[in-house]
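Reviewing the structure listed below.
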Amino acid sequence: MSRVVRRIAIASIASLSLSVILLRPSHAIPLTFEGFSISGASANGVGNGYSNGENESGPGNGANAAYLATGTSTPSPSYINTSKTSNLGVSISTPGNYVFTAYGVYQFGGASRVMNLFFGAAASPQISAWTSNNGGTFFADNSSNLVGFTGLPLVTGSGSLSYDDGTDTVTLTSLSIDPNYSGMSSIGSQTVSGSGGGPVMAVTFNLSVTADGVGVPEPASMALLGCALAGLGAVRKRRKKSASC
């Protein structure tokens, strides 16, 4: 009888272990940061702005392409993208903090801004944040007629400051905008000073990436484990008793 109990206990533990493994998330496709856009958010500025995918990214006065670099603002950044880069392809699948700064020639009006962030192959933003010119305080935004990361077509804000791809969660934790950043004479191929130029807008933001928690076994599974451990305990106790006789 003890052999039967032992086999049942071992099978139960193996079954529970398999269920926990299946509940653990895995990265079939690594989380990537693919695009960003910055839009004016006043009544006459929505749709005009910057993105990493187009030179003229909005209706009306349009705008130049924006360039992205890692780290905080600096006069000599090392850009991730070039003009009209439709996909950035920056891997952020490792948990941690990621700091980026987007640079654009300041050519559109409005007292506030909306920044959209795009992950994976999505055409719509997963993170959208509204802030004033200088940033600091920001809120989730769901405005319409915002610049997409390939410029047009225009998109609607996600209304969220975080995105979960099923394995990791990325959260926008800080956002600051300097609409008059100095010390740069050009952005990529774009001249900052002179005819058609203007002050640089530097948008610095932090993304925090955390791994989703491992699934918790259901109560029935925990009960099965308890029975299995109790069975193993009974077998061990019986063996000790037989050995003492």
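The values are calculated or read from the model by the stated rules, or taken from the named source; none is laboratory data. Note that this is a predicted model, so its numbers are computed, not measured. Every residue, glycine among them, receives a Cβ derived from its backbone with ideal geometry; neighbour counts consider all protein chains shown. The accessibility values were calculated without ligands, DNA or RNA, using every heavy atom of the protein model including side chains. Shrake-Rupley method; radii C 1.70, N 1.55, O 1.52, S 1.80 Å.
Quick check on segment 98-123: of everything there that is at pLDDT 85 or above and part of a loop (DSSP other than H, G, I, E, B), which residue is surrounded by the most Cβ atoms within 10 Å (Cβ to Cβ)? For segment 98-123, the residue satisfying everything is GLY120.
Output the number of residues of segment 73-92 satisfying the condition of being within 16 Å of the chain's Cα centre (by Cα) and either open to solvent by less than 30 Å² (accessible area, probe 1.4 Å) or free of Cβ contacts under 8 Å to residues at least 40 places away in the same chain (or both).
First, pick out the residues of segment 73-92 that are within 16 Å of the chain's Cα centre (by Cα): 87-92.
If we keep only those that are either open to solvent by less than 30 Å² (accessible area, probe 1.4 Å) or free of Cβ contacts under 8 Å to residues at least 40 places away in the same chain (or both) too, we end up with 88, 90, 92.
Final tally of qualifying residues: 3.
Among the residues that make up segment 217-225, is at least one of them at pLDDT below 75, in contact with a helix residue (DSSP H, G or I) (Cβ under 9 Å, 6 or more places away or on another chain) and of a type in the set (Gly, Ala, Ser)?
Our first condition is that a residue be at pLDDT below 75; within segment 217-225, this holds for 217-225.
Narrowing further to those that are in contact with a helix residue (DSSP H, G or I) (Cβ under 9 Å, 6 or more places away or on another chain): 217-218, 221-222, 224-225.
After this cut, where a residue has to be of a type in the set (Gly, Ala, Ser) as well, the list is 221.
Yes: one or more hits.
Just checking: which of the strands (runs of 3 or more DSSP E) contained wholly in segment 124-181 hold 3 or more residues that are at pLDDT below 85? Outline the logic, then answer.
Details: elements: 127-132, 138-140, 146-148, 151-155, 162-164, 168-181.
Of the strands (runs of 3 or more DSSP E) lying wholly inside segment 124-181, those with at least 3 residues that are at pLDDT below 85 span 151-155, 168-181.
Per the conditions (1) modelled with pLDDT under 75; (2) open to solvent by less than 40 Å² (accessible area, probe 1.4 Å), the sole criterion not satisfied by CYS245 is (2).
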